[in-house]
Structure formats: structure tokens, C-alpha cells
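Novice: Dropping the structure in here first, questions after.
The values are calculated or read from the model by the stated rules, or taken from the named source; none is laboratory data. Everything numeric in this text was worked out from a predicted model, so none of it was measured. Cβ sites come from the backbone with ideal geometry, for glycine too, and all protein chains shown count toward neighbours. The protein model used for the area step is the full one, side chains on, heavy atoms only, and it has no ligands, DNA or RNA in it. Shrake-Rupley method; radii C 1.70, N 1.55, O 1.52, S 1.80 Å.
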Amino acid sequence: MSAWVLPDHIADVLPAQARLIEDYRRTLLDTARSYGYELVMPPLVEHIDSLLSGTGEALDLQTFKMVDLLSGRTLGVRADTTQQVARIDAHLLNREGVARLCYCGPVLHTRPEQPHATREPLQFGAEIYGCSGSGAELEILSLALDSLKCAHTPTERGLVADLADARIVPALLQQAPDANVDIDRLQTALISKNADALELAAQALPGAVRQQLHALLGLYGDVSVIRKARNALPALPQISQALDELQWLCDHIQRTHPDITLLIDLADAAGYAYYSGVRFALYLRGCSEALVRGGRYDEVGAVFGRNRPAVGFSLDVKALANLSTPSARPAAIAAEWREALDWRQTVRALRAGGETVIVSFPGQGVEEDTACCDRKLVEQDGQWVVQPVSAA
């Protein structure tokens, strides 16, 4: 095999796309900072028992593992950053009040999450620790929506926010705590909306509970689904609270983001072992893959000895950038190389002032680098001046 061939689903990022990704990264971090989020930079590798502890166990098959030659312990290359940020909140910051943290860095997956996805996403995320109220969900969802708009995602196609709640299915199952039910099989049937598979997975449950689970399959659509759910589901405290919070969140988002389409899917139990309350995904209309996923995951810090309320979201900056066409390189100044000190000082001053100056060295000929130059540095009456390229 040729030495230049990269592993499957691993790719170089060339200049035009790299420039766009970096622009997105800066915009996303600036947007998070405007909300008061502080940047953290967890390490790319950690001891495996830290990366995969608690709710991180679901990432086991996605995590590359290796042996640390210094300690002999097993290390993992992070496949997600949330577990690391929970550790930082619990052990390094250890704040009593609310902590708003954000991050942006590469993660590595053993397999792509979708058929054409990269195994090396550039993950951006924002998380709130220490707030159990619905205001935290509203802020994190608002930040996610503003992040997409500030990053110039093509939202003219229409954004769809798909909301669910991880408390509803456990509340229904708690009515029959002694029933021998394969939870994974049950949740898979709900996610795929497969009524036959659901019946098989729920056969050990009482008839009333099975009926309620089947009702979830039809509780999908606009915000009116919440009203329908109140009639179709039992008025258990957890379910009533979940529906109340979903309604409240939808009401506020509709007021501030009237252009967003809100959908409710009460059968969507994706990430049920991770999320503990409201969860959401943001899509461009017509796209099957979510741009953003997030929600409440209050148990994320428990394994680190500090079980604080937590809510957040993450997205892949590379996938976001793939939706846009890279812009042309910013205009620059062309300059033919000179040894003279005054020429070098002029170039340095231009660069210090924010200009891009591309130097052509003797004998190199016309370079593609200078194609973006709309001005040139020329000597005029003993002074170095900048002129339009079209000038004589």
C-alpha cells in the first residue's frame, strides 16, 4: 500500500476547507463566550477508566485504546469530550455555583457514526453545570440555535428542533418494576417505531403498560403532541413534569425563534442510558443527520463524586463547514523580495496592521499564492507604497 494512503474515514483538510473550519471554530467559541461560557481544553488521551466511567461506558466500542509506556496503564483516545468536562467541573474547578464551560477539539472514533462521516470530528460543545431549572435547557438550546446562525449555516433551508424526554419511558416501566424486560431491545423498538418488535420486547409487561408504550409510537409531530400525550399517558409525576417542561421550553423557543420548526417525538429514546431529562436534536430541513445533539444529563458527574445537574450540546465543526462553500482567500498584497531594510520594515508594518503580504522570491515565477493579491508593494520616489494591481 502506498505510504500516502490514509486510513478509511480519515482525511486531510486542504487550505480552503481548513480556512472555513477555522472561521467556524472561532465564531462558535465567540458566540459561546458572549453567553459567558469559559473555554477548557481537556487532553486528547486519558486513562481508560476515567474516559469510560459512568455514562461514558456507552463509548467503549468507539474508543481507541493503547498502553502507556510510562505507567503500563491503558489509555484511551477520547471519543467524546463531555466526560472530561464533567471531571474538570467536579475535581479541578469544584465551584459551588453555576459553571458554564465550552470546548472545541478533535475526537477520534473507531468507526464512523454515519456511512460518510469522518472518524476524526472536530467537536464543539457547551455545557452548564449546577443548574437544575428549565432555564438551563432554554439557554443551552438558544445557544445552539444562535451558534448555527452565527456560523452562517444555510438556515434558509429551515431549521427543525426535534425534542424528546428521557424520563417518560422509565416512568412507564416503573409501573411494573419486577417485570423481566430487555430494556435495550425495548428502546430500540421505540426508536425505530416498530410496533411488532415493541410487542415482543414488552410481552412481560402488564397489558396497560404495553398499551401506553404503543401509544408513544403515535406521539410524534408538532407541539400539539404534548396535549395528546396528557390524554394518552398516565398522569404519573415524572411524566407530568416532563410534559410541563417540554411545553414551557417550546413556548419560549417559539417566541424567540419563530422561524424554527418544533417537533416532539416521545418515542425517541436515543441515548436513554445517558440523558436524564429533556433532549434535543437540530436538523436542516430535508437532512436525515442532526447538526447538533444535546439535552440534560444529570448523572454525568456522579462517577467523579460530584453529581451536579448538567445540560449541554455538541456538534461537529467539520460537518457544519461541509454545508458551506469555502470563500475566496482574503485579498492580499504582492511584494517582490528585497534585501533592503526599509522594504523589510514596510512589510512588517503592513502585516502588523492586519494586512496579508505574500512575498515572491527571485526566480520563483508567478505563484498561485499571489492569485488573491489585488494590490502590490512598489517603490515610488524612494518610498515603498501600496498600489492596486491594475495600476501602471
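Novice: Enter the per residue convex hull volume of segment 306-392, computed from alpha-carbon coordinates, in Å³ rounded to the nearest integer.
Specialist: Value for segment 306-392: 206 Å³ per residue.
Novice: Starting with the highest mean, order 139-151, 101-113, 230-242 by the number of other Cβ atoms within 10 Å, averaged over the residues of each peptide.
Specialist: Answer by packing, highest mean first, reads 139-151, 101-113, 230-242.
Novice: Distance in nm between label sites at Ala197 and Gln380, each 7 Å beyond Cα in the beta-carbon direction?
Specialist: Going by the 7 Å Cα→Cβ label model, 7.2 nm.
Novice: Reachable aspartates and glutamates from Lys193, Cα under 19 Å, same-chain residues fewer than 8 places away excluded?
Specialist: Asp162, Asp165, Asp182, Asp184, Asp222, Asp265, Asp268, Glu289
Novice: In a shell of Cβ-Cβ distance under 12 Å around Leu262, excluding Leu262 itself, what net charge do Lys and Arg (+1) and Asp and Glu (-1) give?
Specialist: Net charge around Leu262: -4.
Novice: Among Ile10, Leu350, Ile48, pick out the residue whose Cα is farthest towards the positive end of the charge dipole of the chain, where Lys and Arg carry +1 and Asp and Glu carry -1 on C-beta, about the Cα centre.
Specialist: Highest projection toward the positive end goes to Ile48.
Novice: Scattering from the C-alpha atoms of the chain alone, worked out with Debye: what is log10 I(q)/I(0) at q = 0.07, 0.09, 0.13, 0.15 1/Å?
Specialist: -0.44, -0.66, -1.14, -1.38
Novice: Okay, helix-only estimate at 222 nm for the chain: each DSSP H run of n ≥ 4 adds -39500 (n - 2.57), divide by all residues, round to 500 deg cm²/dmol; what do you get?
Specialist: -9500 deg cm²/dmol
Novice: Counting only protein heavy atoms and using a 1.4 Å probe, what share of the accessible area of segment 167-265 belongs to carbon plus sulfur, as a whole percent?
Specialist: 50
Novice: Full-extension gain between Glu156 and Arg344, please, as 0.36 nm times their residue separation minus the C-alpha to C-alpha distance.
Specialist: Fully extending the segment from Glu156 to Arg344 adds 63.0 nm.
Novice: In nm, give the distance between the simple-model label positions of Ser34 and Ser132, each being 7 Å from the Cα along the Cα-to-Cβ direction.
Specialist: Inter-label distance under the simple model: 3.3 nm.
Novice: Could you tell me the ratio Rg/Rh of segment 167-265? Both radii from Cα atoms, Rh via Kirkwood.
Specialist: Radius of gyration relative to Kirkwood radius: 1.01.
Novice: What distance in nm separates the simple spin-label points at Leu92 and Arg111, each placed 7 Å from Cα in the Cβ direction?
Specialist: With each label point 7 Å from Cα toward Cβ, the separation is 3.2 nm.
Novice: If the cut-off is a Cα-Cα distance under 30 Å, which lysines reach Lys149, setting aside same-chain residues fewer than 8 apart in sequence?
Specialist: Lys318
Novice: Report the Rg/Rh value for segment 93-207, based on alpha-carbon coordinates and the Kirkwood definition of Rh.
Specialist: Using Cα coordinates only, the ratio equals 1.06.
Novice: Counting heavy atoms of the protein chains only and a 1.4 Å probe, report the per residue accessible area for segment 167-265 as a whole number of Å².
Specialist: 51
Novice: Taking 0.36 nm per residue of sequence separation and subtracting the Cα-Cα distance, how much length would be gained by fully extending the chain between Ala328 and Ile358, in nm to one decimal?
Specialist: Extending this stretch completely gives an extra 9.2 nm.
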